[in-house]
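Contents: one structure, followed by commentary.
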Amino acid sequence: MSISAKPELLSPAGNFECVRAAVNNGADAVYIGGKNFSARQFAGNFDIEEIEKTCDYCHLRNVKVYVAVNTIYKETELKGLLSYVSSLERIGVDALIMQDLGAAKLIKERFSIPINASTQLTTNSTEEAQALIDYGFSRVILSRDFSVGEIKDIVSKCTAEVETFVHGALCVSYSGQCIMSSMLGGRSGNRGRCAQTCRLPYTLYDGYDKITEGYLLSTKDIQALTILPQLIEAGIQSFKIEGRMKTPEYVAGVT
């Protein structure tokens, strides 16, 4: 894969004000979620009319729009999902971000809209990345827990675009695959309802003896500003900012 002269800067947007904030501060693309089928059910999110408004606003300014359709779906939801994707293709969104391989296969068979492999697919090797590309994905979004060397190795061998996170929240578990929220509270991250239980305070005991307490599972956020030159040299095509539940001010500042 050839190295891009200027990687895409991809910003999050949980509502239209965040879209405006991203675009007006230099984003090359934004990613959003619908009212359904998205892994951030507690963001503001967009109905079909708002997605169309976002596409019109962004495309007039040469900014791309990606829509996250990145949860795991039940059999009864597939008809509604396909109808939704039909509307997204009509509107002219630039790509979908997906995790569910079965749903992705159905969409590839029925629509021409590009599909990006979500970070929730936990792509950890060149072989996994290439398998997703062979499956029909146009872009692979890497796990958030790679070293620069590992990223460079995958990009050098990939035959499609590679995207990586450069700022924002970092899961304590495998990127996007934690089931802690589901086990403790019945709210599955793979269904868009993560309760962020890793962000809560905990107390560590050894038997009955308290060892320590505090935010023991909460990781520091990613902040890759200092290594952006290395990531550019590695050949990453898209730099992604995490934060579809953040404010317009946050989106503007980080972008």
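The values are calculated or read from the model by the stated rules, or taken from the named source; none is laboratory data. Remember, it's a predicted structure, so these values are computed and weren't measured experimentally. Neighbour counts are summed over all protein chains in view; Cβ atoms, including those assigned to glycine, are modelled from backbone coordinates with ideal geometry. Heads up: the accessible areas ignore ligands, DNA and RNA and are worked out on the full protein's heavy atoms, side chains in. Shrake-Rupley method; radii C 1.70, N 1.55, O 1.52, S 1.80 Å.
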Original post:
How many percent of the accessible area of the chain is carbon or sulfur, using a 1.4 Å probe?
Top reply: 52
Original post:
Taking a probe of 1.4 Å, how large is the accessible area per residue of the chain, in Å²?
Top reply: 49
Original post:
Is segment 1-134 rounded, prolate or oblate when judged by the Cα gyration tensor, a ≥ b ≥ c being the square roots of its eigenvalues, rounded requiring a/c under 1.5 and prolate requiring a/b larger than b/c?
Top reply: oblate
Subject >> Angle between the chain longest axis and helix 48-59 axis [Cα atoms, degrees, rounded to 10] >> reply: 70
Original post:
Past the 25 Å Cα-Cα mark, which pairs from Lys157/Lys220; Lys157/Lys240; Lys35/Lys105; Lys108/Lys152; Lys74/Lys240; Lys157/Lys246?
Top reply: Lys157/Lys220; Lys108/Lys152; Lys74/Lys240; Lys157/Lys246
Original post:
Computed over the Cα atoms of the chain, what is the ratio Rg over Rh, Rh following Kirkwood?
Top reply: 0.97
Original post:
With +1 on each Lys and Arg Cβ and -1 on each Asp and Glu Cβ, how big is the dipole of segment 40-141 about its Cα centre, in debye rounded to the nearest 20?
Top reply: 100
**OP:** Return the sequence-ordered ³J(HN,Hα) values of segment 75-81 in whole Hz as given by the Karplus equation 6.51 cos²θ - 1.76 cosθ + 1.60 applied to θ = phi - 60°, using x for Gly and Pro.
**Re:** 3, 5, 9, 5, 4, x, 4
Original post:
So how strong a dipole does segment 124-193 carry about its Cα centre when Lys and Arg Cβ are +1 and Asp and Glu Cβ are -1, to the nearest 20 debye?
Top reply: 420
Original post:
Roughly what angle does helix 101-110 make with the longest principal axis of the chain, taking Cα atoms, 0 to 90 degrees, to the nearest 10?
Top reply: 10
**OP:** Considering only protein heavy atoms, with the full assembly of protein chains and a 1.4 angstrom probe, order Leu225, Leu200, Leu78 by accessible area, largest first.
**Re:** Leu225, Leu200, Leu78
Original post:
What accessible surface, in Å², does a 1.4 Å probe find on Arg20, ignoring ligands, DNA and RNA and rounding to the nearest 10?
Top reply: 100
Original post:
Shape of segment 76-183 from its Cα gyration tensor (a ≥ b ≥ c, root eigenvalues): rounded if a/c is under 1.5, otherwise prolate when a/b > b/c, or oblate?
Top reply: oblate
Subject >> Anisotropy class of segment 123-184 from Cα gyration tensor, a/c 1.5 cut >> reply: prolate
Subject >> Qualifying lysines (Cα of each under 23 Å from Cα of Lys210; at least 8 residues distant if same chain) >> reply: none
**OP:** For helix 148-157, report the angle its Cα long axis makes with the longest principal axis of the Cα atoms of the chain; keep it between 0 and 90° and round to the nearest 10°.
**Re:** 30
Subject >> Principal semi-axes in Å for segment 148-235 [√(5λ), Cα gyration tensor, largest first] >> reply: 33, 18, 11
Original post:
What figure in square angstrom, to the nearest 10, would you give for the accessible area of Ser147 with a 1.4 Å probe?
Top reply: 50
**OP:** In debye, nearest 20, what is the charge dipole magnitude of the chain about its Cα centre with +1 on Lys and Arg Cβ and -1 on Asp and Glu Cβ, if you could check?
**Re:** 400
Original post:
With the chain treated as a Gaussian network of Cα nodes joined by springs under 10 Å, which of Glu75, Glu150, Glu17 yields the largest mean-square fluctuation?
Top reply: Glu75
Original post:
For segment 46-116, taking Cα atoms only, what is the radius of gyration to one decimal and the Dmax to the nearest whole Å?
Top reply: 12.0, 38
Original post:
Can you give the calculated 222 nm mean residue ellipticity of the chain, where each DSSP H run of n ≥ 4 adds -39,500 (n - 2.57) and the sum is split over every residue, rounded to the nearest 500 deg cm²/dmol?
Top reply: -9500 deg cm²/dmol
**OP:** Show me 85-97, 124-136 ranked by packing, highest mean number of other Cβ atoms within 10 Å first.
**Re:** 85-97, 124-136
Original post:
Anyone know which of Asp100, Asp206, Asp145 comes out most mobile in the 10 Å Cα GNM of the chain?
Top reply: Asp206
